[in-house]
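Note sheet for the following structure.
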Amino acid sequence: MANLDSTTTASAGTAVTAEERRQRVKKSLGARHRKERLFHGLGITAVVLALGFVAILFYDVLQRGLPAFQQAQVTVDVYFDPEVIDLGERPVQSPGQSPADYSAQLNGWLRAAALLNWNRLLETSIRTIVPEFEGDARDIAAIIDSSQRFVIRDAFTSDPSLLGQTREFSLLASADADNWLKGTIDRSLPDARQQLSADARALADDLLERGEIRFAFASHLFTNVDSRSAPASAGLAGAFMGSLYMMLIVIVLAVPIGVASAVYLEEFAPKNRLTDVIEITINNLAAVPSIVFGLLGAAVFINYFRLPLSAPLVGGLVLTLMTLPTIIIATRSSLRAVAPSLRQAALGLGASRTQMVFHHVLPITYPGILTAAIIGVAQALGETAPLLLIGMNAFVANIPSSPMDQASALPVQIYLWQGNENRNFFEARTSAAIIVLLGLMLSLNAIAIFLRSRLEKRK
Amino acid sequence: MNALKISVAALVASTTFAGFAVAQSRDTIQIAGSSTVLPFASIVAEEFSAAFPDFGTPVVGSGGSSGGLRQFCEGVGENTIDIANSSRRIRAGEVEACNTAGVEDIREIQIGYDGIVFATSADQGDFALEPQHVFMAIAAQVPQDGEMVANPYTNWSEIDASLPDQAIALAIPASNHGTREVFEERVVLPGCEAAELPEMSEEEMEAACLAFRQDVVVEIAGDYTETLARLQSNPATVGVFGLSFYDQNRDTLKVATVSGVEPSLETIASGDYPVSRPLFFYVKGEHIGVIPGIEEYVQFFLSDQMAGAGGALEAAGMIPAPAEETAAVLEAFEGGESLTVESLGAE
């Protein structure tokens with residue numbers, strides 16, 4: 001106030017006295033404070049609104065998705081009945097037998113094992129637990145996920161000595177049983193609108209009461225691949241590996257190329273019309289919608305270079321193209337932020353331009369470049385649209401073993417589960433996949449922040 | 001210099017990748033097409049890999065029947081798909097396109113039937129639809145006193161007193177879906193005929209029958225979950241679904257009868273329910289023997305435990321074809337019978 005007074009009196013003209021000026025200022029003070037309070041209030045409202053939307057999003061996703069991490073699992077003792085498992089000995093490679101001959105023989109044996117009715121073993125086990133159950137085999141099959149018969153088969157084919165023995169298994173309940181027990185489908189609806197028959201529903205309730213069905217952490221959500229024939233066992237492993245391969249390709253290609261182009265354009269390239277055009281083009285490319293890169297990828301990598309459909313390699317290349325402008329722009333701006341005095345000092349002490357850039361300028365920009373790279377990669381990780389155009393939205397039930405194999409990706413998996421016709425079950429699954437993807441994004445960003453603060457300290 | 005070294009390494013790596021791509025041959029079957037067939041094909045793909053440990057799991061993409069057949073007809077080679085799923089028969093024009101691109105040996109496999117149902121949200125009124133009702137609801141122009149006038153109906157009960165007093169809103173599949181063709185052929189055209197349009201030439205008649213009003217009709221290009229979302233945002237909407245989708249969402253959907261028949265596996269298999277269609281897939285003969293497992297996949301698909309009565313696909317909502325029909329299809333496939341423009345024209 002004192003400061004204000006002194007300036008007003010000092011510059012007070014001849015027309016108005018100091019007292020009048022003070023009055024005028026005092027009168028306007030109320031309005032000025034009001035304005036300040038208003039903007040302050042607006043700012044807080046904006047922040048609260050933004051946080052509120054984020055909170056609603058997180059609440060919604062968590063509330064829908066968290067139940068999917070717990071899944072109904074049935075504990076059963078399976079007796080490997082020699083009457084049902086009517087197979088010969090597992091073939092052993094005899095001396096002198098060619099490997100091709102042996103693998104044909106082994107495949108024949110495995111195929112015969114696959115065609116056995118493993119559900120009969122499960123039926124017997126369930127009937128031993130609930131002897132008074134009178135429903136038919138179909139009701140029992142309906143509450144256990146259809147993929148679980150292969151769990152039993154695999155246990156047997158890898159250890160044929162189980163024949164005639166009993167072993168405990170923890171098996172997944174079917175999606176319908178899981179829905180029923182969790183109450184996802186209104187339990188009061190009549191039979192005609194339920195997915196399970198009345199007998200099967202009673203059996204599921206009975207098993208839950210006896211403690212043979214319990215809700216356990218759904219670890220297979222992370223270890224299994226997608227599945228349509230056995231929805232309860234659908235998992236994210238295939239999509240995760242697909243995304244991982246793509247991210248590796250993006251890191252290996254986009255980061256070095258992007259940083260090198262930025263360094264060249266910023267430090268070495270002459271400033272002329274051509275570099276101006278290049279700069280504008282890069283800025284424009286950063287704003288190109290991602291689906292356009294998908295179309296480009298389909299035309300160039302698949303139709304021209306004849307790379308395979310649905311391969312993470314192609315996805316990685318497309319995402320590289322999409323991420324490059326982001327990395328170049330961010331790297332350039334962090335290079336530009338380096339004080340010119342540093343460059344001049346280095347040059348003044350006799351360093352060459354290359355020495356100046358690589359010894360003095362680049363090390364300072366590492367935090368910025370790193371942040372740019374991680375944000376670019378995180379953006380690529382969540383990208384869906386371009387992947388749809390290169391066939392990555394296919395149903396793939398394999399874990400890809402190389403970037404050339406067909407695969408899905410995490411965001412595409414979310415899209416696929418969102419479209420699954422078993423809405424009651426996959427609604428929660430979709431949100432669970434979103435939680436996993438968001439978790440990955442947040443940890444990537446956390447790594448970026450951690451590395452940046454460490455690098456900045458070292459500097 | 002590090003960045004430079006890395007980028008050189010990356011370039012080398014990417015070229016080796018590309019070289020590898022040409023050298024390595026694909027060993028899994030690649031499938032694309034109809035979203036109606038997709039769940040069935042995916043189930044078979046999974047079971048196939050469980051039963052045949054020596055082959056990889058086939059990869060099944062979507063894109064609609066037309067989209068799948070377009071990809072199918074792009075040519076021969078490892079980066080083209082081997083099998084196209086379709087919820088309608090291939091058209092003569094598509095066979096021509098295939099032949100031009102070098103795909104000469106197209107094997108047609110009919111796998112079974114699917115029913116198309118009209119469904120509303122479970123809390124809405126009961127619909128007992130006749131094809132004529134549907135036509136009167138969606139046509140741009142309807143006949144009135146022997147003249148074609150702009151469609152005046154806004155409420156189902158105005159069309160027929162037996163229908164609920166509910167605003168007209170329909171979500172139908174867009175033209176990329178094979179379902180659309182069946183919807184037009186089995187519902188709209190018969191309804192149009194029953195509505196007795198005034199005298200006009202055949203082309204004009206077909207155009208008048210298939211001109212839909214845009215204000216109450218939403219065309220869904222995505223899959224059935226999108227249609228379901230429409231029903232949830234506007235509960236008055238009547239949506240067109242596949243029987244299997246309805247079957248898995250019976251808790252939220254209520255089905256309408258068509259011509260007095262309720263859709264079910266039985267009524268569709270017996271032919272009583274009028275709106276059903278055969279489902280197909282098309283195999284690229286040129287790829288048999290090049291991509292391993294195609295023949296086995298087809299045989300496995302048509303086997304009793306998959307497409308047969310009581311098989312895995314029936315449980316998922318597909319209506320099995322009679323056993324003799326399936327046997328004939330398999331015989332034709334194994335005999336190497338391929339589809340030509342003429343054989344399509346003959347029917």
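Where a number appears in this text, it was derived from the coordinates with a stated rule and is not lab data. Since the model is a prediction, treat every value here as computed from it, not as a measurement. Virtual Cβ from ideal backbone geometry, glycine too; neighbours counted across all protein chains shown.
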Taking R0 as 30 Å and r as the Cβ-Cβ distance between A:L347 and A:V288, the FRET efficiency 1/(1 + (r/R0)^6), rounded to the nearest 0.05, comes to 0.20
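Rounded, prolate or oblate for the stretch B:95-219? Axes are the square roots of the Cα gyration tensor eigenvalues, ordered a ≥ b ≥ c, and the cut-off for rounded is a/c under 1.5. Walk me through the numbers before you get to the answer.
Working: a/c = 2.56, a/b = 1.53, b/c = 1.67.
Oblate shape, in that a/c is at least 1.5 and b/c is the bigger or equal ratio.
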If one compares the long axis through the Cα atoms of helix A:273-286 with the longest principal axis of the Cα atoms of chain A, the angle in degrees, nearest 10, works out at 40
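Among A:351-363, A:369-381, A:158-170, A:48-60, how do they line up from the highest to the lowest mean number of other beta-carbon atoms within 10 Å?
Per-residue Cβ counts within 10 Å, averaged per peptide and sorted highest first, yield A:369-381, A:351-363, A:158-170, A:48-60.
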Beta bridges per DSSP with both ends in the protein assembly as shown, % antiparallel, nearest 5:
75
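Please compute, over every Cα-Cα pair in the stretch A:69-221, the percentage with a separation greater than 23 angstrom.
Values: 5133 of 11628 pairs.
For the stretch A:69-221, the fraction of Cα-Cα distances above 23 Å is 44 percent.
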Can you give the helix-only mean residue ellipticity at 222 nm for the protein assembly as shown, where every DSSP H stretch with n ≥ 4 adds -39500 (n - 2.57) and the sum goes over all residues, rounded to the nearest 500 deg cm²/dmol?
-16000 deg cm²/dmol
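Taking a temperature of 20 °C and a viscosity of 1.002 mPa s, what whole-number D in µm²/s does Stokes-Einstein yield for the protein assembly as shown with Rh from Kirkwood over alpha carbon pairs?
On the way: Rh = 30.8 Å.
Reported coefficient: 70 µm²/s.
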By its C-alpha gyration tensor, with a ≥ b ≥ c as the square roots of the eigenvalues, how is the stretch B:277-347 shaped: rounded for a/c under 1.5, else prolate for a/b larger than b/c, else oblate?
oblate
Kindly work out what percent of the DSSP beta bridges joining two residues of chain B are antiparallel, to the nearest 5.
70
Fewest to most Cβ atoms within 10 Å: A:R193, A:R228 sort as A:R193, A:R228
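Note down the net charge around A:D136, summing +1 for each Lys or Arg and -1 for each Asp or Glu among other residues with Cβ under 15 Å from its Cβ.
Numbers: positive: A:R120, A:R127, A:R138, A:R201; negative: A:E123, A:E132, A:E134, A:D139, A:D199.
Neighbour charge sum, excluding A:D136 itself: -1.
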Give me P(r) over the stretch A:360-459, computed from all C-alpha to C-alpha distances, binned every 5 Å, as integer percentages.
2, 12, 16, 17, 16, 12, 9, 7, 5, 2, 1, 0
When A:H33, B:H177 are ranked with the fewest other C-beta atoms within 10 Å first, the list becomes A:H33, B:H177
On each of the three principal axes the extent of the alpha-carbon atoms of chain A, given in whole Å and largest first, is 114, 64, 41
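Shielding by partners for B:26-34, please: the mean number of other protein chain Cβ atoms within 10 Å of each residue's Cβ. Walk me through the intermediate numbers first.
Details: counts 6, 1, 7, 0, 6, 2, 5, 0, 0.
The mean count of partner-chain Cβ atoms within 10 Å per residue comes to 3.
Rounded, prolate or oblate: pick one for the stretch A:132-246, where a ≥ b ≥ c are the square roots of the eigenvalues of its C-alpha gyration tensor, a/c under 1.5 means rounded, and failing that, prolate if a/b is larger than b/c, else oblate.
On the way: a/c = 2.24, a/b = 1.24, b/c = 1.81.
Because a/c hits 1.5 or more and a/b fails to exceed b/c, the stretch A:132-246 counts as oblate.
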Counting other Cβ atoms within 10 Å, keep those with at most 10, restrict to DSSP loop, and tell me which trypsin sites (Lys or Arg not before Pro) in the stretch A:255-314 are left.
A:K271
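Restricting things to Cα coordinates, could you compute the convex hull volume per residue of the stretch A:203-307 in Å³?
Working: hull volume 19.1 nm³, N = 105.
Roughly 182 Å³ of hull volume per residue.
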For the stretch B:115-276, share of DSSP beta bridges that run antiparallel, in % to the nearest 5:
65
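Take the alpha carbon atoms of the stretch A:237-458, find their radius of gyration, then divide it by 2.2 N^0.38 Å using N residues; give the quotient.
For the stretch A:237-458, the normalised Cα radius of gyration is 1.17.
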Let me check I have the definition right: for the stretch B:147-199, take the eigenvalues of the Cα gyration tensor, multiply each by 5, take square roots. What are those semi-axes in whole Å, largest first?
22, 17, 11
Simple spin-label model, 7 Å along Cα-to-Cβ: A:K271 to A:A155 in nm?
7.4
